[in-house]
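**Student:** The structure under discussion is supplied below as structure tokens; questions concerning it will follow.
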Amino acid sequence: MQPLPGEAPGGIVWPSEFAPAVAPVYVRNEFVIAASRSIVWAWLVRATRWPAWYPNSANVKLLPPARDDLSAGVKFTWKTFGVSLTSEVLEWVPQQRLAWNARGFGVFAYHAWLLEDTPGGCRVLTEETQHGWACRLGALVFPRRMSQQHQTWLERLAQQAAGGAP
């Protein structure tokens, strides 16, 4: 995936406080999905359905005035890795780029997604950085847990997209 002008290598546009060089926790995962970018995107932004197919998410609720899907500026609450979080969509380029922050007890994170067309489907890149005592402790005790769960998220996203749009 080639970065656009002004982007960092790898394509993610990081807020300065979340750049991988300054964040104590950083993970990167990518996966090629045999489905169109529009279908993959539709599953990704339908956050209230994540718990049905991504086991590391629960209690996803979009806050008013949001409707069914994530979009620019939407705030939502949810639970992942056993932590209750409040998030806000900060980057939004339909069918291409999505990023949100996440605040919870002992953690402040930034999670970004990039989608790119490939022959026969699309490539999905997801990266996350975190600050806070809880994420540092989690990374120390379970050093590969976040990377493994993000890989599961991508694999399950591929399974959902294989069945068509939500």
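**Student:** Per residue of the stretch 114-127, in order, report the coupling 6.51 cos²θ - 1.76 cosθ + 1.60 (Karplus, θ = phi - 60°) as ³J(HN,Hα) in whole Hz, putting x for Gly and Pro.
**Tutor:** Each residue's phi maps through the Karplus curve to give 10, 10, 9, 4, 9, x, x, x, 8, 9, 10, 10, 10, 9 Hz.
**Student:** Which part of the stretch 52-79 falls in the paramagnetic zone of Thr152, meaning amide N under 13 Å from the point 7 Å along Cα-to-beta-carbon?
**Tutor:** Answer for this model: 52-58.
**Student:** Kindly provide the trypsin sites (Lys or Arg not before Pro) of the stretch 25-114 that DSSP labels as loop, not H, G, I, E or B, and whose Cβ sees at most 16 other Cβ atoms within 10 Å.
**Tutor:** Arg67
**Student:** Placing +1 on the Cβ of each Lys and Arg and -1 on the Cβ of each Asp and Glu in the stretch 23-162, which of Trp41, Ala112, Gly138 has its Cα farthest towards the positive end of the resulting dipole?
**Tutor:** Gly138
**Student:** Taking θ = phi - 60°, what integer Hz values does the Karplus form 6.51 cos²θ - 1.76 cosθ + 1.60 yield along the stretch 60-76, in sequence order, with x for Gly and Pro?
**Tutor:** 6, 9, 7, 8, x, x, 4, 10, 8, 10, 5, 7, 3, x, 5, 9, 8
**Student:** Scattering from the C-alpha atoms of the chain alone, worked out with Debye: what is log10 I(q)/I(0) at q = 0.09, 0.11, 0.13, 0.16 1/Å?
**Tutor:** Per q value, in the given order, log10 I(q)/I(0) is -0.27, -0.41, -0.59, -0.93.
Quick note: the coordinates plus some simple rules give every number you see, no bench work behind them. On a predicted model such as this, the values are computed, not experimentally measured, just so you know. Here Cβ is always computed from backbone atoms with ideal geometry, including for glycine, and neighbour counts include all displayed protein chains.
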